[in-house]
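Colleague: Okay, here's the structure, questions in a sec.
Every read-out reported here was derived from the displayed coordinates using simple, explicitly stated rules and does not represent laboratory data. Every value quoted in this text rests on a predicted model; they were computed, and no experiment measured them. Counting neighbours? That spans all protein chains shown, and the Cβs are built from the backbone with ideal geometry, glycine included.
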Amino acid sequence: MTETVLFDMLRQALLISVRISAPLLGVALVAGVIIGLFQALTSVQEMTLTFVPKVGLMLLVFWVTMSFMTTALSDFYLGQIIPMIAGS
């Protein structure tokens, strides 16, 4: 395995990890901004108000995008990692 192949596989792995984590991070960001805005407008400073909706939304998004995540990871593993191991 040459350096070029190794760096290409590392680049692809990082890109897949960004694609997989983007929906969860996006939902957490949007929920945090909306809840923070709500707290600022109503002067409610409850700590659980930020935590519970974010966790609930992230669990929902994780459940919805789980098939996409597993497909992306298994395609990368079966298409890139296994042939590389078998070829060396």
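Colleague: Viscosity 1.002 mPa s, temperature 20 °C: Stokes-Einstein D of the chain from its Kirkwood Cα radius, in µm² per second?
Modeller: Using the Kirkwood radius from Cα pairs, D works out to 137 µm²/s.
Colleague: If I take every Cα pair under 8 Å that is 6 or more residues apart in the chain, average their sequence separation and divide by the length, what percent do I get for the relative contact order?
Modeller: Working: 29 pairs, mean separation 35.8, N = 88.
Value for the chain: 41 percent.
Colleague: Exposure proxy check: T50, T2 ranked by fewest other beta carbons within 10 Å? Don't jump to the answer; show the numbers that get you there.
Modeller: Details: T50 16, T2 7.
In order of increasing Cβ crowding within 10 Å: T2, T50.
Colleague: Still on this model: Which percent of Cα-Cα pairs in region 39-81 sits in each 10 Å bin, short to long?
Modeller: Over region 39-81, the share of Cα pairs per 10 Å bin runs 24, 28, 22, 16, 9, 2 percent.
Colleague: Another question, if that's okay. Which one, V61, V44, V33, has the greatest fluctuation when you compute a Gaussian network model over the chain with C-alpha springs under 10 angstrom?
Modeller: The residue that fluctuates most here is V44.
Colleague: Right, another one. To the nearest 500 deg cm²/dmol, what mean residue ellipticity at 222 nm is calculated for the chain from DSSP H runs of n ≥ 4 alone, each contributing -39,500 (n - 2.57), summed and divided by the residues? Please list the in-between numbers first.
Modeller: Working: 3 runs with 76 residues, N = 88.
Taken over the chain, the calculation gives -30500 deg cm²/dmol.
Colleague: So what's the angle, to the nearest 10 degrees on a 0 to 90 scale, between helix 47-76 and the longest Cα principal axis of the chain?
Modeller: With both axes taken from Cα atoms, the answer is about 20 degrees.
Colleague: With springs only between Cα atoms under 10 Å apart, run a GNM on the chain and tell me which of S74, S43, S17 wobbles the most.
Modeller: Ranking S74, S43, S17 by mean-square fluctuation puts S43 first.
Colleague: Measure nothing fancy, just the Cα-based angle from helix 3-42's long axis to the longest principal axis of the chain, in degrees from 0 to 90, nearest 10.
Modeller: With both axes taken from Cα atoms, the answer is about 10 degrees.
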